[in-house]
1. So for the pair residue 118, residue 236, with labels modelled 7 Å out along Cα→Cβ, what separation do we get in nm?
2. If you plug each phi of segment 61-74 into the Karplus form 6.51 cos²θ - 1.76 cosθ + 1.60 with θ = phi - 60°, what whole-Hz ³J(HN,Hα) values come out, in order, with x for Gly and Pro?
3. In the chain, carbon and sulfur make up what percent of the accessible area (probe 1.4 Å)?
4. With charges only on Cβ, +1 for K and R and -1 for D and E, what is the dipole size of the chain about its Cα centre, in debye, rounded to 20?
5. With each run of n ≥ 4 DSSP H residues scored as -39500 (n - 2.57), what mean residue ellipticity at 222 nm is computed for the chain after dividing by its residue count and rounding to the nearest 500 deg cm²/dmol?
6. Leaving out ligands, DNA and RNA but keeping every protein chain, what accessible area does residue 33 have, in Å² rounded to the nearest 10, with a 1.4 Å probe?
7. Please give the per residue accessible area of segment 33-192, computed with a probe of 1.4 Å over protein heavy atoms only, in Å².
8. Over segment 101-202, what is the relative contact order in whole percent, taking alpha-carbon pairs under 8 Å and six or more residues apart?
Amino acid sequence: MLATRIATAAVVVPIAVLGMLFLPTGAIALVFSALMLLGAWEWGGLVRLETTGRGVFVAVVAAVMGLVLLLRNAPLPVSAELFVIGLACLWWLAAIAWIVRYPQGWSSVLGRLGPGAAVGVVALVAPVAAVTYLHQSDQGALLLLAFFFLVWAADTGAYIAGRTMGRHKLVPAVSPGKTREGAIGGIVAAMVFAGAGAWALGYGEGRLVGFVVLGAWVAVISIVGDLTISMFKRYAGIKDSGTLFPGHGGVLDRLDSVLAAAPWFVAGLHWLPSAI
């Protein structure tokens, strides 16, 4: 299993890096939209939709994505992209409360089709808006690359720390395998990489410190994304959301951290003066 995971990563990561560096923003948006629509099919399974219902859900997500892109340059008080990004940031904060209290109240709220599907629309559309917004900005390709390396660093740090030092369970009712030591390892790894990334981007001392803090928060909220998808999978009674990536599962298994972290990364950059 580990060998399969490594082989898959060895193929996917270089392709992703080259794409972020050399593809135009429109192509990036198209590729990420396609991934999120595959994720929408999987989300339909998480909320227990049958084949026809899952197809309808994918169509709804696609329509909302199209609407956000259509309105991105409309003369609105807040751009459609930033609106959906802000909405997603609020959801991922609320998700922390659900993680802490799971399974209390789950079946009567998020376990129901309506709320579960509505959350899915926001969670799947916002990363497309965030990735597009990042890539079109100044230093866009480098910022997008820095974001993904932050998430990968957090995941890798958490995996290594959890395997070597993990003793205390983080949220056993949601994910028995995750430990507090692993979470700390992921946060530290993200902070280290954030410092190196800020230096490479030419940030001054004040902005560098802010970027390190943002790196820590990206690691924290990426764990929230991971645990949230785990809650949905646990309630649906499935181990993996899909089988697209051998050894890694489906889109939601592989990009659960990105779902939560991408909107918050954009929000955090706005807190850093002149970052984007």
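1. 2.0
2. 4, 4, 5, 5, 4, x, 5, 4, 5, 5, 9, 4, 10, 6
3. Working: 8940 of 12710 Å².
Using a 1.4 Å probe with all protein chains present, the chain comes out at 70 percent carbon and sulfur.
4. Working: 16 positive and 11 negative charges, 145 e Å.
In debye, rounded to 20, the chain gives about 700.
5. Details: 9 runs with 208 residues, N = 276.
The per-residue figure over the chain is -26500 deg cm²/dmol.
6. Using a 1.4 Å probe on the heavy atoms, I get roughly 20 Å².
7. On the way: 7500 Å² over 160 residues.
Here the residues of segment 33-192 average 47 Å² of exposed surface.
8. Numbers: 92 pairs, mean separation 23.5, N = 102.
The normalised contact order for segment 101-202 reaches 23 percent.
The values are calculated or read from the model by the stated rules, or taken from the named source; none is laboratory data. Model, not experiment: these values are computed from the prediction. A quick note on method: Cβ atoms are made from the backbone with ideal geometry, for glycine too, and the neighbour counts reach across all protein chains shown. Heads up: the accessible areas ignore ligands, DNA and RNA and are worked out on the full protein's heavy atoms, side chains in. Shrake-Rupley method; radii C 1.70, N 1.55, O 1.52, S 1.80 Å.
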